[in-house]
Amino acid sequence: MHVTFYTKPGCHLCDEAELMMKLVQEDFPLTWTKVDIETDDESHEKYMFMIPVIERNGDAVLHGSIGYLDIIDLF
């Protein structure tokens, strides 16, 4: 499964979510494209109060505090 991961520098929740994705990736076919909302005006407008955000097929499926089990539930 491929997702888009919206983040920004200095966001501790983003760092934790990416770590959880890396852990999930050890057991599940997970890949992602990372988007820094501070360099993309459209995603900044859309997600500035929600990051981190995991988007699948154009839909925000997870945001805020994202845990290991939250990501596994996407499979």
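General remarks:
- Charge dipole magnitude, Cβ of K and R +1, D and E -1 - the chain, Cα centre, debye nearest 20: 100 debye
- Extension gain for the segment Asp36 to Arg56, taken as residue separation times 0.36 nm less the Cα-Cα distance, is 5.6 nm to one decimal.
- In terms of overall dimensions, the chain has a Cα radius of gyration and Dmax of 11.4, 34 angstrom.
- Coil-residue chymotrypsin sites (Phe, Trp or Tyr not before Pro) of the stretch 1-50, DSSP, other Cβ within 10 Å capped at 10: Phe49
- Counting only DSSP beta bridges with both residues in the chain, the antiparallel share comes to about 55 percent.
- In the full protein context, the chain carries 61 Å² of accessible surface per residue, based on a 1.4 Å probe and ignoring ligands, DNA and RNA.
- Helix 12-25 and the longest principal axis of the C-alpha atoms of the chain enclose an angle of approximately 30°.
The values are calculated or read from the model by the stated rules, or taken from the named source; none is laboratory data. Here the structure is a predicted model, which is why all the values come from computation and not from measurement. Note that we place each Cβ from the backbone using ideal geometry, even for glycine, and neighbour counts take in every protein chain shown. Surface areas here come from the heavy atoms of the whole protein model, side chains and all, with no ligands, DNA or RNA. Shrake-Rupley method; radii C 1.70, N 1.55, O 1.52, S 1.80 Å.
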